[in-house]
Structure formats: structure tokens, C-alpha cells
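All remarks here apply to the structure that follows.
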Amino acid sequence: MVDMQRKDTSEQARFRDYCREWLSEHHPGEPEVRIPQSPLEIMTVEQMDYLQRWQKSAYDGGLVGCDYPVEVGGGGRKDLQRIANDEMLRARTPYFPNVIGLGMAAPTVLYHGQDALKQRLLPKLFSGEDIWCQGFSEPGAGSDLASVQTFAQKSGEKWIINGHKVWTSLAHFAEWMIILLRTDKSHKYDGLSYFVVPIKSALGNGVTVKPLIKMTGETGFNEVIFENLEIDDSFRLDELGRGWQVAMTTLLHERGAGDLHVPRAGGLKSRSAHTSNAMSLISLAKELTRDGKRVADDPIIRDRIMRCIIREQGLSENQRRGRVTELLDHPMRIPLQNKLLSSEIAQEIASLAIDIEGAASSLYVGDENAPAGGQWPLAYLNSYGMTIAAGTSEVQRNILGERVLGLAKSK
């Protein structure tokens, strides 16, 4: 939902007018290829090429990286990215493919990287020319991130990396990876260090990327294997042994805390659209019939739709509240709560859509008889990944209980 209720400053109002004019002239229009529901499901070169061109166009137009310093490729403004985001959402533009770069890598590199590294990496991150991925999870370290075992051994001014990362979204397209590595086996937390790693240039020479097929049939994420990959010490972020603290910067932005600089955008109207909001359930229910009656006339379905709309609106209002410092009782509560609830509400909405479609929900994307182009069954299957990514719902509840409410640790 576009936040138009927050009053713009004069600078923001001028920038909003500029964004609207620019978008009216440069909207990319309908693509020739099917665009997945989120950037984490991008599979083909054709999909990526189309989305990269769009991000580069928006960056050249000044709608990406607005709030970052000029010297690292940003716009040098303050609190204008939100305006650009609002207007792209209103104009129903496609999303940007470099979601991990914009949402996690950029703030982490900005806060912890050396000046030369920032100036080298961030401009092409903002433009989408360099796609980024995240190397955190491992086969034996998912929710327990501090247990990662992929090891970096110091060798002069170089580091030699060996290990295995998994569930790595966009690794099959990524030039760069933000990665948490173990550099000291004698300390769990203090033995971790944080690096950026060029993986595309090392494919077949220290890096192997293997796609993982999801239950949707999509291959948006991968496993990445490192075998004696050599990188320079200049790719390390912050001090040796402070990887856990740097990782917290990444996770705070991934989970929605901090001042996000992530452009978000609405789906296109055609087969590439992601029908994921509760209001769209109304038209779906009106279009379908059951036992000779519109599904929308079923009072139970109507009640469930309204409950979803109310929850979604409540989440939106909570996000607005989170922008007002005076209304925050704890800096982490609303961002963590919103991450937890947004993923679960999206799953609830998709589940209700499946019930509305009934037997027709078994028709998948590509079937001409599938309601809404088969997007709702796809959204339902994809929703499970969102309740796992950036910390499972169970982990989020533990963090809220222990760090926000001050409850005792669960055993």
C-alpha cells in the first residue's frame, strides 16, 4: 500500500512530482516473458535481462540509491527513497532483481566496508549490473547461524575458503556474495568474520553453484560449494572476528529494521502479476461459482476475506507507526513483528484463495483454464519459503519474546 498519508516536505513533494513524470515516460510496460512472483524465483536469462534493464533505467533516472552518499553512487539525498518506492508501487512497475543487494548487501557494505570497497561495489549494485546473493545458511547451520563451519584460512594477504552454503537465492546469477565465514574454530561467535566474495568470476575455479528445485518447479535458489577459493583480505568487512556483529546489520535490514533503502514495486497487471493482496480476493470470489452461485455470496468466504483485509490493513498501519520515533516502545518490536506477520498473513491470504478456487486450484501456471493464471496456487506454495527466510516464524517469536518482551529463554 502506498503511504500517501504522511505529509511530504517541500523537497519530497518536488521529488514525488519528478518520480511521477519520469515513470509516466519510462515505465517498462508488459514484458515478453513471464515474470516470477518475486525476484527470488528468477530462473531464466531472459527474465533476468528484462529486470536488470529496468533496474538500470530506474537507477539512471535517480530512483534507486537515493539516500546513499554520492561518492558511492547514491543520490546524496535524505529520506527520498521512500518517495520513489511509493511512486513505483503506485505506477505498478516490476520489482528490481537485485533485492538481496539492495536490501542486505548495500547497507552492510556501507556501514562496515572500507571506502575503496564501497566505491567499487555499490554503484553497480544500485544499477543492477552486479547481482548479489547471501551466503549464510549451511546444511548444518540454518536457524543456528552462529554454527556456520565454512572456513577461511589466512595465507599471507589472502584467505582460502572451503565449505558449503545452501538455500542461496540468486547465486546462479550473482557476481558477488555477502558471506559469513569461520576464521577461528575455538570461538563460536568471536570466531566469525564477514567477507564479500566474487563468485561468478570464480565459477569452476573454486566455486560450484548447483540449483535446487523447489516444489513449485522453480529453481531460484542454490547450493554453493567452495573448494580452495582464494580471495584478498581487502574483501573483509570490519575487523577480524566481528563477523557476528556485521551479520546482525544484514539481518536487521533483511527483517525490516533499520532505515531501509530498498525500492519495492507493484506487480504488472498481466500474467506476470503477483496477486497477493487481500483486496484481490474479492474479484476472485466474484468471478468464480460454486453450486450455481457466486463464491462471493458465501457468507463464510465473505467473512474470511474481510478478516484478511483487516489484518493486512492493520499491518500497513503498524508499518506507518514504526516510522514515528515517538510511538516506538522498543526499536526492534515493530520491524520484527512486521516480518513475522507479513509472511504469515500472505500465507493466510493465499490459503483462502485456494479455498475460493476449490478444485480449480489444482490447475497450475500455464493452464489456460486456471483462475488468475494459476498465480494463487503458486503464491501458496511460495509462501512457505517466506515463513522460513530471514529466520523462521518460530525463531522470530523467540527473538520477540526474549529480546523485546524480556521473557526467559526457551529450553
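Computed from the coordinates by the stated procedures, all read-outs in this text should not be read as laboratory data. Remember, predicted model here, so these are calculated numbers, not experimental data. We place every Cβ from the backbone using ideal geometry, glycine too, and count neighbours over all the protein chains shown.
Seen against the Cα atoms of the chain and their longest principal axis, helix 243-254 is set at about 20 degrees. With the helix formula -39500 (n - 2.57) applied to DSSP H stretches of n ≥ 4, the chain reaches a computed 222 nm mean residue ellipticity of -11500 deg cm²/dmol. Counted residue by residue at 0.36 nm each, then reduced by the alpha carbon distance between them, the extension gain from Val395 to Ser24 reaches 129.3 nm. Residues in the range 290-305 carry Karplus couplings, in order, of 8, 6, x, 10, 5, 4, 5, 8, 6, x, 5, 5, 4, 5, 5, 4 Hz; the curve used is 6.51 cos²θ - 1.76 cosθ + 1.60 with θ = phi - 60°, and Gly or Pro positions show x. Going from the fewest other Cβ atoms within 10 Å to the most, the residues Glu175, Glu312 appear in the order Glu175, Glu312. Evaluating 6.51 cos²θ - 1.76 cosθ + 1.60 at θ = phi - 60° for every residue in the range 15-29, the Karplus couplings come out as 5, 4, 4, 4, 4, 4, 5, 4, 5, 5, 9, 10, 4, x, x Hz, glycine and proline recorded as x.
Placing unit charges on each Cβ (+1 for Lys and Arg, -1 for Asp and Glu) gives the range 358-411 a dipole about its Cα centre, and among Ser362, Gly373, Ala389 the Cα reaching farthest toward its positive end belongs to Ala389. With a Förster radius of 35 Å applied to the C-beta separation of Ile388 and His330, the computed FRET efficiency comes to 0.90.
Report the extension gain between Leu240 and Ser283 in nm, rounded to one decimal, defined as 0.36 nm multiplied by the number of residues separating them, less their alpha carbon distance. Could the numbers behind the result be given before it?
Working: separation 43, 0.36 × 43 = 15.48 nm, distance 5.49 nm.
The span from Leu240 to Ser283 would gain 10.0 nm if fully extended.
The angle between the Cα long axis of helix 45-60 and the longest principal axis of the Cα atoms of the chain comes to about 80 degrees, rounded to the nearest 10.
For Gln114, what charge total do you get from the other residues with a beta carbon under 15 Å from its beta carbon, if Lys and Arg give +1 and Asp and Glu give -1?
Values: positive: Lys118, Arg120, Arg236, Arg242; negative: Glu71, Asp115, Glu157, Asp232, Asp233, Asp238, Glu239.
So the environment of Gln114 carries a net charge of -3.
When the charge dipole of the chain is built from unit charges on Cβ atoms (+1 for Lys and Arg, -1 for Asp and Glu) and taken about the Cα centre, the candidate among Val45, Ala116, Met279 whose Cα reaches farthest toward its positive end is Met279. Applying a threshold of 32 Å to the alpha-carbon distances of Lys210/Lys286; Lys7/Lys409; Lys154/Lys200; Lys124/Lys188 flags Lys210/Lys286; Lys7/Lys409; Lys124/Lys188 as lying beyond it. Computed from Cα positions, the angle between helix 115-127 and the longest principal axis of the chain comes to roughly 20 degrees. Site pair Gln153 and Asp297 shows an inter-label distance of 7.4 nm when each label is modelled 7 Å from Cα along Cα→Cβ.
Modelled spin labels at Val33 and Ile354, positioned 7 Å past Cα toward Cβ, are 2.9 nm from each other.
Calculated FRET efficiency, Glu368 and Met215, Cβ-Cβ r, R0 22 Å, to nearest 0.05? The computed FRET efficiency comes out at 0.45. From least to most packed, judged by other beta carbons within 10 angstrom and beginning with the fewest, Met332, Met248 follow the order Met248, Met332.
Here the relative contact order of the range 292-389, from alpha carbon pairs under 8 Å that lie six or more residues apart, stands at 22 percent.
Peptides 315-326, 208-219 ordered by packing proxy, namely the average of other Cβ atoms within 10 Å per residue, highest first: 208-219, 315-326. Be a star and scan the range 76-104 for residues whose amide nitrogen sits under 15 Å from the point 7 Å along the Cα-to-Cβ vector of Arg323. It comes to 78-90, nothing else.
For the pair Arg14 and Arg403 in one chain, pulling the backbone fully straight at 0.36 nm per residue adds 136.0 nm over the alpha carbon distance.
As a proxy for reagent exposure, Thr392, Thr249 were ordered by neighbouring Cβ count within 10 angstrom, fewest first; the result is Thr392, Thr249.
Counting Lys and Arg as +1 and Asp and Glu as -1, each charge on the Cβ, what is the dipole of the range 276-411 about the Cα centre in debye, to the nearest 20?
Values: 17 positive and 17 negative charges, 123 e Å.
Charge dipole, the range 276-411, about its Cα centre: 600 debye, nearest 20.
Taking Gly374, Gly128, Gly65 as the candidate residues, the one with maximal mean-square fluctuation in a Gaussian network model of the chain, Cα springs under 10 Å, is Gly374.
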